[in-house]
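Everything on this sheet refers to the single structure shown next.
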Amino acid sequence: MIVIAVIVLPLTLLTLVVAKEIGQVAKDAQEFFRSLFDPNSPVIGRIMGWLGRRVDASHLDLQGYLLERLDNISGAIAGRTLGFLGGVVGAVFQVFFTVFTMYYLFRDGDRIYGAMLDVIPLNVAETRQIFDRTHEVIHASVYGVIVIAMVQGTLGGLAFAVLGLPSAVVWGVVMFFMSMVPLVGTSVIWVPTAIYLAMSGHWGKAVALALWGALVIGTVDNLLRPKLVGARAGLHELLIFFSVLGGLQIWGPLGLVLGPVMIAVTLALFDIFKRLGLSPAAERSESSSVASAP
């Protein structure tokens, strides 16, 4: 019941809102490019006028080209949205079976754990090592990546909503995914937005968004990651990032957990093979020792 109330229902509502607003995003982008080339704009108009006096760009129709591309993108988004809504029924069944299975895993988890210790063809210590490694990686991926991304995406979407920017929910979801990308983060969204607000004359909103992004959103990762993750996982962030993306592509939403689980099991097996001398490096070392023996 807690999983349904805290995870399933909010994600369902969020998905429906995003599906409803995604078409509006393309329209807002069209308005953005129209205002970008508006000669009456207080800042951009001056820049375009200054460039027009020094560069002959009369033969270029950059605005028309960008708007044409955006029209094509809008049509593609509309088609994808209809396809997405058509797959809602299948998603409902998947969620039902997931929650149904989760109930038995919660109820009989200890019995399943004991049975797997007996079935897996490794000794008890090695099997426990695999489970411990899996637990640590799941902890790192869920708390260190997903939870922090949710916090940053929520803070970014809240800033967009307070400042009156359109499609705040959609951009909050985009910042959620961008925050999981190493060396990129949510700044790839709020920095260009702050620049656009400044260039369109909304200096107060631009400064407020820049300060919020730099002082609040940007520092969340530095504050939460050491407390939520620390050095438990022992995995590089890039590896966790690709395991999450690969899991999403193969298993859908369940891949947020299953992807890191596959990485954890694989690395645990590598550690066991290395300790038992079954790795290629160990075999080469043993072969060289035999060859050098008199």
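With the convex hull constructed from alpha-carbon coordinates only, the range 119-278 shows a mean projected area of 10.8 nm² over all directions. For the range 257-274, backbone phi angles converted through the Karplus equation (6.51, -1.76, 1.60; θ = phi - 60°) give residue-by-residue couplings of 9, 5, x, x, 4, 4, 5, 5, 5, 4, 5, 5, 5, 4, 4, 5, 4, 5 Hz, Gly and Pro being listed as x.
The label point for Met116 and the one for Phe131, both projected 7 Å from the Cα toward the Cβ, are 0.8 nm apart.
Computed from the C-beta positions of Trp203 and His139 and an R0 of 30 Å, the FRET efficiency is 0.10 to the nearest 0.05.
Read-outs: derived from the displayed coordinates by stated rules, not from any lab. These numbers were taken from a predicted model, which means no experiment stands behind them. Here Cβ is always computed from backbone atoms with ideal geometry, including for glycine, and neighbour counts include all displayed protein chains.
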